[in-house]
Structures are given as structure tokens and as C-alpha cells.
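The values are calculated or read from the model by the stated rules, or taken from the named source; none is laboratory data. Computed from a predicted structure; not experimentally measured. All Cβ positions, glycine included, derive from the backbone under ideal geometry; neighbour counts span all protein chains shown. All accessible areas refer to the heavy atoms of the entire protein, side chains included, with ligands and DNA or RNA removed. Shrake-Rupley method; radii C 1.70, N 1.55, O 1.52, S 1.80 Å.
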Amino acid sequence: MAPVSAYDCVVIDDDPDICRLISHVLSGIGVSSLGLHSAGALEDALMSARPSVVFLDIALGRWDAIDGIRILGQTRFDGAVQLISGRDRDLVEAVRAVGERHGLKMLEPLQKPFRSEHLRRIFEAPPIDVSGKAPSPSPTEEPAVRCEGPPRVDLGEALASHWLDVHYQPKIDLVGNRIVGAEGLARLNHPVHGLLGPASFLPDASDEALQGLTEFVILRAFLDWEILARVGRNIQLAVNAPVSLLLGRNLPDLVRESPRSEDWPGLIIEVTEDDAMKELEAVAEAATQLRIYDVSLAIDDFGSGYSSFARLRQLPFSELKLDRSYVQNCATDPLNAGICRSVVELARASGAVSVAEGVETAHDWTALVRMRCDVGQGYYFGRPMSVGNLIERMDAGAG
Ligand code: G
Ligand code: MN
């Protein structure tokens, strides 16, 4: 190959017509370019041409854009990468994501066939400066409006001040359409800020305060179950717990000493998938011990972690709670639908109950019924509410 001097762009496409078209349009706007027919010559070209933009086709005969991205990543290319392709958008976006993982600055991909204005626009847009690097944003470009988060409250203070409360979100039998259980969720009644959710008191909580909170919620769930049972609503309640509490030695004592009668249906303790898988054996042992007292384990936010099905086998659990990110739009999104279906099957094969969290629409509800998911939970059926309101809901015939 003839030695090359500095070029503004390198265009890699195995279709010589595309290379020529791009070069022609670019030269019309004063941008010089070097055309290559495969990513193989890229490394040499990067050394000599020092481009600020590399145009990369997805498939390049025996090479492809991933090969190109790897070379660009290894040489720490700090210009911009412009994918050009006639392939489907999903694939192009996946390749773009690979580029980003390699630390490359990936521009919005260009779909073939494209018009010359599209190319011009790339150089008219502010981030690319063909004479140098992409400019870093100036401090004045910081977003002017910052989102104010929820107020932060010290959990220890909240416990000591008796500001904590437990609200219950109904769990609905998806076929019978009636309330079969409820998840207890900690809430904080703040004298100034009003009713607050966990985002206000969990992130900064000490381990000790977190332990105190969980014990408070469990004791409250025993008391609230009694209230429900007394009015003929003997439903099974669930509470959330960090794995650290499960691994401590207090839980069996707490359960043993709690007041309960013959018809107590047991308690479900929800631990997140991620949390449970970190200490699988110890969690499995604790769960087995709790089963002696009719306390069973639910795997919360299932699907959001990275556990393999093989590891899940080692854990005794009574419920799989599908993470709401998969439940939402499961009626229309084929990927979400597939994941929901697999988790429902997995629960069934394990003899566990499948619970869909975050059901917000009738559409998703119908889709879940078709998938034979057992139980649903979410704003569509009801927001978390006081035990009194839960009883009213059930009396009103919603369960
Ligand atoms: O991770 P876990 O399942 O414990 O989270 C329960 C939280 O999810 C509660 O704080 C509750 O308010 C919230 N939640 C419950 N149902 C819905 C829903 O339908 N949509 C959304 N976005 N959040 C929900
Ligand atoms: Mn939960």
C-alpha cells in the first residue's frame, strides 16, 4: 500500500462504491478521507492517517465491525466511530454497544441507503472537530436543573421515634382474581415530610438500623396477620429482608417467640436474587432452618441478577418473584414475554409459585394469565396500603 499522509477520516467498507461515495461527499465539504476495504489494514492506517472519524461497515467480507472495534479499542483510538450498515437496527445497536464497552466514542449509526446530507450532518454537528479531538463539554454545559431526590432520614432516629409503619401491597391470584396474600413494605411517617418510601431511609442505613427495621417489620407482620385473621382474612404475608439478617442467628428466635395460632399460614421472607446468590450455601441452610417454622423464602427481583438456573437448584424457595423490568410490557415486548414465560416455567418445575411484580396494565395482566403465571402484584391491582385499607379492599369484593 502506498504510504498515506494525514487524513481526516478512514472509511472501511468492502463495497468500493460506498467507499467512493463517502469520499466524494466528504471531499465536497473539505474533509479528506482514506478508503479501506477491510479492517485488516486499519492498524497501519491509524498510525499514518491519524483520522478523527472512522467509518465502519458491519460486515466486511472476512472481517467485520467487531474486528475493527477491537483494533480501535486496543490502539486507544480517541476519535469518533461511525457505523454504517444496511443490517437490522438491533444488530447495529448491539455492535454500537460493543464499541462503547471498548471505550470508543460511537456516533449514531447510519443506515444504508443514506443520503449525502446525512454525511454532511455528521460534520456539522458540534462534537466532531476534524482538526482535532472531540471537544470535552465545558463546565457551563452541566445540566442546569438537578433532580432533587427524596428527603433523607436517619433510620436509627426513625426507629427510635416510632415513625415507621408497614403498608401492604395485595398479591392477586391471576386466575381467580382475588387477593391471596400481601407484601409488607416499610414506610416512614415523617412529622415534616409526610409518608416516605425506602429511598429516604435505606441508602444511608447502618447494618444495625437495617436489622432493627427488618425485625420491626416482621413483628408487625405477625400482629397485622392477627388483625386480618380475626376478620376472616387469613392471608399469607411477606416481608423483605437483607441476607445478613437471614445469616444472623436472631431470626429463628424471633419467629419462634412470635404469637401465632394453629391456622397461621406461615410467613414469606423475600431476599433479592443477587443478595441470595452471594452466599448461597449459608442462605440455603438458613432457609432450611426457617422452613421448620413455616417461614419460606421468596427470590425477589428475579431476573435482575446473574444467577444461573443451576445455582438456584441449591436454594429452597417457595416463590419466584419476576423482576418488574421484565413484567412491564410483557404483552408487547417479545424479549420480556420470553423471559416471563421461562421464569414461570422454572417456578413450576421447582414446585414454587410464580409472582409477577410491577403489573401496571390490563394488557400485561392478560398476557401473564396466558403464560400461566400464578400471582400478580402491582399498581394495576393496588398500591401499598394500610392493613385497614387492605381489609376494606377485600370486603369491597376485590379479593
Ligand atoms: O423489590 P421489591 O419488590 O421489594 O419492591 C417493592 C417496591 O416496588 C415498593 O416500594 C412498591 O411501592 C414498588 N412497586 C410496587 N408495585 C409497583 C408497580 O406496579 N410499578 C412500580 N413502578 N413500582 C411498584
Ligand atoms: Mn419485595
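You can think of it this way: the chain between Ser48 and Glu208 has 51.5 nm of extra reach, that is 0.36 nm per residue less the Cα-Cα gap. What does a probe at Ile29 reach in the range 78-117, counting residues whose amide N is under 19 Å from the point 7 Å along Cα→Cβ? 79-85, 105-117, by backbone N distance to the label point. Using only alpha-carbon positions in the range 39-90, the gyration tensor eigenvalues give semi-axes of 19, 12, 9 Å once each is multiplied by 5 and square-rooted (largest first).
Translational diffusion of the range 1-119 was estimated from the Stokes-Einstein equation, with Rh taken as the Kirkwood radius over Cα pairs; at 37 °C and 0.692 mPa s the coefficient is 235 µm²/s. Heavy atoms of the protein chains alone define the surface here; on that basis the chain has 51 Å² accessible area per residue at 1.4 Å probe size. The alpha carbon convex hull volume per residue for the range 181-265 rounds to 115 Å³. Taking the helices alone, the chain has a mean residue ellipticity at 222 nm of -11000 deg cm²/dmol, built from -39,500 (n - 2.57) per DSSP H run of at least 4 residues and averaged over all its residues.
For the chain, excluding the exposed loop sites themselves (chymotrypsin sites (Phe, Trp or Tyr not before Pro), DSSP loop, at most 13 other Cβ atoms within 10 Å), the longest remaining stretch covers 1-305. Take the alpha carbon atoms of the range 371-387, find their center, do the same for the range 264-298, and report the distance between the two centers in whole angstrom. Spelled out, the Cα-based centre of one part sits 22 Å from the other. Specify the longest stretch of the chain that does not include any exposed loop site, a site being one of the GluC sites (Glu not before Pro) with a non-H, G, I, E, B DSSP assignment and at most 14 other Cβ atoms within 10 Å. The segment 1-147 is the longest one with no such site. The orientation-averaged projection of the convex hull spanning the C-alpha atoms of the chain amounts to 25.8 square nanometres.
Extension gain, Glu117 to Arg230: 0.36 nm times the residue separation minus the Cα-Cα distance gives 33.4 nm.
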